[in-house]
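Enquirer: I have a structure I would like to understand better, so I am pasting it below and will then ask my questions one at a time.
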């Protein structure tokens, strides 16, 4: 116990007795992602799970007048399946020491069980939430691009509704959608005319000072740094992702040869996966995608006069993400007398020589394809 002698030992004041035995805890929030995930798959005893989905069969015209002996149903397609393999890989640990002397001199405030609880609240849960949101953004099947238009109190509710409508147009069920947004951007949402005048939304938007629902989406506000880079908000349909926790083991070890005291150890093996057949159940709103690929080798091609080339661009919504199709692109030619491009990305050669740059745009991101003109054969 720490003491200090005053007046050559005539008076001894025990400083530990004057100190507070309480630890000032840091602020913390609970998990913001629990409850989102599907529990339809069993990870017990395995680190890898394979999920199979049945491929669709294309619709055809039935030919009721065919008499040549072939099928009136049309072309026969073998029913295939797609396999998605998911392996749990994110393996984290904690490892801390509590020397017996230090613990005694701090009035047992370093008690191991409290440290484990503190680590869970302040390190593990925030880390898992950020990891899951990033993984879901990387595997999102839909992107809504603001372009050069900034989100503000005047347009944020409309933007959320348009993004929600885009998901509905992809046949994503309206129930069970959760909207994630950082606290700073949420200020504009709170100040939006439609939220202030709650009757316009037709439902209670704010309950006891906190958001309840906007356009049928449950709203979860999170610290700004929880949101993946470049993402304004995310809409996630519950059940489209999995978040297995293979190992969640936290222990206090005493009497080891490493020190006179206790060791606090823990291991957290987990991951987050989005089911490929349900990727459109995640939408990210941003100014522009992370990148655009033109679908043309080397971003350059030769197109003969009168002939065509169909562009098939793809985008990555965020860094590390997958290619996403079905995005609305715009196209422009730098020289229409040399090559034109349609609203669907069909390039047509218009000259025997010369060149033109075709610009593909999504939000504020662009990709240029260099077209060289040539005479028809």
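Enquirer: Would you check if residue 131 is touching a strand residue (DSSP E or B) at 6+ places or on another chain (Cβ under 8 Å), under 20 Å from residue 221 (Cβ atoms) and surrounded by fewer than 19 Cβ atoms within 10 Å (Cβ to Cβ)?
Expert: Working: touching a strand residue (DSSP E or B) at 6+ places or on another chain (Cβ under 8 Å): yes; under 20 Å from residue 221 (Cβ atoms): yes; surrounded by fewer than 19 Cβ atoms within 10 Å (Cβ to Cβ): yes.
Criteria met by residue 131.
Enquirer: With 293, 342 as the choices, which residue is within 29 Å of residue 272 (Cβ to Cβ), modelled with pLDDT of 90 or more and surrounded by fewer than 16 Cβ atoms within 10 Å (Cβ to Cβ)? Outline the logic, then answer.
Expert: Working: 342 fails: within 29 Å of residue 272 (Cβ to Cβ).
Unique residue meeting the criteria: 293.
Enquirer: Looking only at the range 202-219, count every residue that is under 19 Å from residue 152 (Cα atoms), in a loop (DSSP other than H, G, I, E, B) and either modelled with pLDDT of 85 or more or not assigned by TED's automatic domain parsing to the domain that holds residue 175 (or both) and tell me the total.
Expert: Summing the residues that are under 19 Å from residue 152 (Cα atoms), in a loop (DSSP other than H, G, I, E, B) and either modelled with pLDDT of 85 or more or not assigned by TED's automatic domain parsing to the domain that holds residue 175 (or both) in the range 202-219 gives 1.
Enquirer: Just the residues that are assigned to a helix (DSSP H, G or I) and over 20 Å from residue 195 (Cα atoms), please, taken from the range 158-184. So that I can check it myself, show each step before the final result.
Expert: Here is the first cut: in the range 158-184, the ones assigned to a helix (DSSP H, G or I) are 158-169, 183-184.
If the condition is that a residue be assigned to a helix (DSSP H, G or I) and over 20 Å from residue 195 (Cα atoms), then 166, 167, 168, 169 are the ones that fit.
Enquirer: Name every residue in the range 220-240 that is part of a strand (DSSP E or B) and in contact with a helix residue (DSSP H, G or I) (Cβ under 8 Å, 6 or more places away or on another chain), in order of residue number.
Expert: Going residue by residue through the range 220-240, those that are part of a strand (DSSP E or B) are 220-222, 231-237.
Within the range 220-240, 221, 222, 231, 232, 233, 234, 235, 236, 237 meet the criteria.
Enquirer: Failed condition for residue 40, given (1) surrounded by fewer than 10 Cβ atoms within 10 Å (Cβ to Cβ); (2) at pLDDT below 85; (3) over 22 Å from the mean Cα position of the chain (by Cα), with all others met?
Expert: The number of the failed condition is (3).
Enquirer: Right, next: For the range 62-74, check the following and say yes or no: at least one residue is farther than 20 Å from residue 274 by Cα and surrounded by 14 or more Cβ atoms within 10 Å (Cβ to Cβ).
Expert: As a first pass, look at the range 62-74 and keep what is farther than 20 Å from residue 274 by Cα: 62-74.
Imposing the further condition that a residue be surrounded by 14 or more Cβ atoms within 10 Å (Cβ to Cβ) reduces the set to 74.
Yes - at least one qualifying residue is present in the range 62-74.
Enquirer: Within the range 241-264, how many residues are in contact with a helix residue (DSSP H, G or I) (Cβ under 7 Å, 6 or more places away or on another chain) and assigned to a strand (DSSP E or B)? First the steps, then the outcome.
Expert: So the first thing to find is which residues in the range 241-264 are in contact with a helix residue (DSSP H, G or I) (Cβ under 7 Å, 6 or more places away or on another chain), and the list is 241, 243, 250, 252, 260-262, 264.
Those left that are additionally assigned to a strand (DSSP E or B): 241, 250, 252, 261-262, 264.
Matching residues across the range 241-264 total 6.
Enquirer: Hey, another quick one. Test residue 303 against the stated conditions and say whether it is touching a helix residue (DSSP H, G or I) at 6+ places or on another chain (Cβ under 6 Å), assigned to a strand (DSSP E or B) and either more than 30 Å from residue 159 (Cα to Cα) or in the same structural domain as residue 146 (by TED's automatic domain parsing) (or both).
Expert: Values: touching a helix residue (DSSP H, G or I) at 6+ places or on another chain (Cβ under 6 Å): no; assigned to a strand (DSSP E or B): yes; either more than 30 Å from residue 159 (Cα to Cα) or in the same structural domain as residue 146 (by TED's automatic domain parsing) (or both): yes.
Answer is no for this residue.
Enquirer: Give just the number: which of (1) surrounded by fewer than 16 Cβ atoms within 10 Å (Cβ to Cβ); (2) at pLDDT 95 or above; (3) under 14 Å from residue 362 (Cβ atoms) does residue 331 not satisfy?
Expert: The number of the failed condition is (1).
Enquirer: Oh, and also: Select from the range 223-262 the residues that are farther than 21 Å from residue 128 by Cβ and free of Cβ contacts under 8 Å to residues at least 24 places away in the same chain and list them in ascending order.
Expert: Filtering the range 223-262 for residues farther than 21 Å from residue 128 by Cβ gives 230, 232, 252-262.
Hits for the range 223-262 are 253, 254, 255, 256, 257.
Enquirer: Any idea how many residues of the range 265-291 are part of a strand (DSSP E or B) and within 30 Å of residue 251 (Cβ to Cβ)?
Expert: Residues in the range 265-291 being part of a strand (DSSP E or B) and within 30 Å of residue 251 (Cβ to Cβ): 7 in total.
Enquirer: A follow-up question, please. Could you check the range 245-271 and list, in sequence order, the residues that are on the phi < 0 side of the Ramachandran plot and out of contact with any strand residue (DSSP E or B) (no Cβ under 8 Å at 6 or more places or on another chain)?
Expert: Selection gives 257 alone.
Enquirer: From 124, 115, which residue is surrounded by 11 or more Cβ atoms within 10 Å (Cβ to Cβ) and modelled with pLDDT under 85? Steps first, please.
Expert: On the way: 124 fails: modelled with pLDDT under 85.
Answer to the selection: 115.
Enquirer: Sticking with this one: If I ask for residues that are exposed (fewer than 11 other Cβ atoms within 10 Å of the Cβ) and in a helix (DSSP H, G or I), which ones from the range 75-103 would you list?
Expert: Hit for the range 75-103 is 101, nothing else.
Enquirer: Within the range 47-57, is even one residue loosely packed, with under 10 Cβ neighbours inside 10 Å and outside the structural domain of residue 130 (by TED's automatic domain parsing)? First the steps, then the outcome.
Expert: Our first condition is that a residue be loosely packed, with under 10 Cβ neighbours inside 10 Å; within the range 47-57, this holds for 52, 56.
When the remaining residues are screened for being outside the structural domain of residue 130 (by TED's automatic domain parsing), the result is 52, 56.
Among the residues of the range 47-57, at least one is loosely packed, with under 10 Cβ neighbours inside 10 Å and outside the structural domain of residue 130 (by TED's automatic domain parsing), which makes the answer yes.
The values are calculated or read from the model by the stated rules, or taken from the named source; none is laboratory data. Just so we're clear, the structure is a prediction, and the values are computed from it rather than from any experiment. For neighbour counting, all protein chains shown are included, and Cβ atoms are generated from backbone atoms with ideal geometry for every residue, glycine included.
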